[in-house]
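Novice: Next up is a structure, given as structure tokens.
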Amino acid sequence: MILKELSQMNGKYVIIGTPCQISALRKYEKQNRSLSEKIFLRICFFCGGAPNLNAYDYYMKAHGIDVRRVRSIYRGLGWPGNNVFELDSGETICIPRRPETFLAQIYHTLAFFPIFAQKRCLLCNDRFGTSSDISVGDAWLEEYKSDKLGVSLIVSRSSTVRKILFDMQQEKALFLKEATEDQLIQSQKIFSDYVDNYPTTCRVLLGRKYFNRHFCAEKPRLNLLWGMKISLVLLGMKLSRIKGLWPYLFIYGIIFRYGYQWLSLAELLKKKIDRHFVVGVWK
């Protein structure tokens, strides 16, 4: 609807979206050159997946916030920031994104990743929005842990963007510092599991036959530990669709939080043993 409206308007515009939206936009532009000429910049944010429509409903109910009174929701106020809820009365409720209490940690884990995620988001292999002119995202790095203003990583892919950034720096509208590729990867390390174990994720979420038919002619090797982790996620996705179970969902959240950690430790241990064994045989 937005693109149809845009095609009837004059002027230059900036489109901001998720990696999948910008990728789709680029494909659409190839079929509609007149629209492409109107788009000045395509800005993308680093994306870890968009939660489905139930995520915030669950989160607000878990924290005793009346959904009907919420006027706006946003994230801000430092690193890693707060979930900020503005009510129709003008009152503001801030809930830290690094919760201190045990139950708050469980609620946060459940609501934002991954059981209320859309299934397709767990199969995404483009967290950085490679189709955009510029990608921006949080610098989830330890050196900025105490920062209260917010530090962003920027990936520039066009001369137009570089000129804009240079001009903004000259006007002291922002401060730029060169980042390394390793910093970029480390900042989004939390999502690396899904890329490293992409075949297993596809097979569990989509089914073995679907994966083999659409992705690979050969039978991929199943990572058992990762298969157990993603199966735990899939179970949570099914439970999260039943609103009658929401008051008891924290029980699953406790099992998920620690079960996922134990499976991750077992997977890490297995990798170290395998690596040691391979080095030993090589010697």
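The values are calculated or read from the model by the stated rules, or taken from the named source; none is laboratory data. In this text the structure is predicted, and so the values were computed from the model without any measurement. Glycine also receives a Cβ, built like all others from the backbone with ideal geometry; neighbour counts cover every protein chain displayed. The accessibility values were calculated without ligands, DNA or RNA, using every heavy atom of the protein model including side chains. Shrake-Rupley method; radii C 1.70, N 1.55, O 1.52, S 1.80 Å.
Novice: Hey, what's the range 159-283 come to in accessible area per residue, 1.4 Å probe, Å²? Working shown, then result.
Specialist: Details: 9120 Å² over 125 residues.
Using a 1.4 Å probe on heavy atoms only, each residue of the range 159-283 averages 73 Å².
Novice: May I ask you to list the residues of the range 59-81 whose amide nitrogen lies under 13 Å from a point 7 Å from Cα along the Cα→beta-carbon direction of K145?
Specialist: Within reach of a label on K145: 80.
Novice: I'd like the distance separating the alpha-carbon centroids of the range 60-81 and the range 205-222, in whole Å.
Specialist: If you average the Cα positions of each part, the centres end up 40 Å apart.
Novice: Kindly provide the Kirkwood hydrodynamic radius of the range 151-226 in Å, to one decimal, from all pairs of distinct alpha carbon atoms.
Specialist: On the way: mean 1/r = 0.0624 Å⁻¹.
The Cα-based Kirkwood calculation yields 16.0 Å.
Novice: Take the solvent-accessible surface of the protein heavy atoms, probe 1.4 Å, and return the percent of it on the range 140-250 that carbon and sulfur atoms account for. Write down the numbers at each step before the final one.
Specialist: On the way: 4380 of 7710 Å².
Percent of accessible area from carbon and sulfur atoms in the range 140-250: 57.
Novice: Kirkwood Rh, Cα Rg: Rg to Rh for the range 140-283? Intermediate values should be presented prior to the final figure.
Specialist: Values: Rg = 21.5 Å, Rh = 19.6 Å.
Rounded to two decimals, Rg/Rh equals 1.09.
Novice: Need the list of lysines near K243 for cross-linking: C-alpha distance under 29 angstrom, and skip anything on the same chain fewer than eight residues off.
Specialist: K61, K119, K229
Novice: I've got another one for you. To the nearest 500 deg cm²/dmol, what mean residue ellipticity at 222 nm is calculated for the chain from DSSP H runs of n ≥ 4 alone, each contributing -39,500 (n - 2.57), summed and divided by the residues? Mind showing how you got there, number by number?
Specialist: Details: 12 runs with 134 residues, N = 283.
After summing the helix terms and dividing by residue count, I get -14500 deg cm²/dmol.
Novice: Something else: Please find the FRET efficiency linking S264 to V67, where r is the Cβ-Cβ separation and R0 is fixed at 45 Å, and quote it to the nearest 0.05. Walk me through the numbers on the way to the answer.
Specialist: Numbers: r = 34 Å, r/R0 = 0.75.
According to the calculation, E is roughly 0.85.
Novice: Provide the three semi-axes, in whole Å and in decreasing order, of the ellipsoid equivalent to the chain as defined by the square roots of 5 times the Cα gyration tensor eigenvalues. Mind showing how you got there, number by number?
Specialist: Details: eigenvalues 218, 151, 101 Å².
Equivalent ellipsoid of the chain: 33, 27, 22 Å, largest first.
Novice: Simple spin-label model, 7 Å along Cα-to-Cβ: K209 to S152 in nm?
Specialist: Those two pseudo-labels are separated by 4.7 nm.
Novice: Let me ask you something else. From the square roots a ≥ b ≥ c of the eigenvalues of the alpha-carbon gyration tensor of the range 1-122, which class results: rounded (a/c under 1.5), prolate (a/b over b/c), or oblate?
Specialist: On the way: a/c = 2.66, a/b = 2.00, b/c = 1.33.
Here the range 1-122 falls in the prolate category.
Novice: Here's another thing I want to ask about it. M168: accessible area at probe 1.4 Å, nearest 10 Å²?
Specialist: Approximately 70 Å² for this residue.
Novice: If the cut-off is 19 Å between C-alpha atoms, which aspartates and glutamates fall inside it for K30, apart from same-chain ones fewer than 8 positions away?
Specialist: E5, D133
Novice: How far apart, in nanometres, would the label points at E5 and R97 be if each is projected 7 angstrom from Cα along the Cα-to-Cβ direction?
Specialist: Label at E5, label at R97, 2.7 nm between them.
Novice: For L87, L53, give me the order by solvent-accessible area with a 1.4 Å probe, most accessible first, ignoring ligands, DNA and RNA. Could the numbers behind the result be given before it?
Specialist: On the way: L87 5, L53 160 Å².
I get L53, L87, largest accessible area first.
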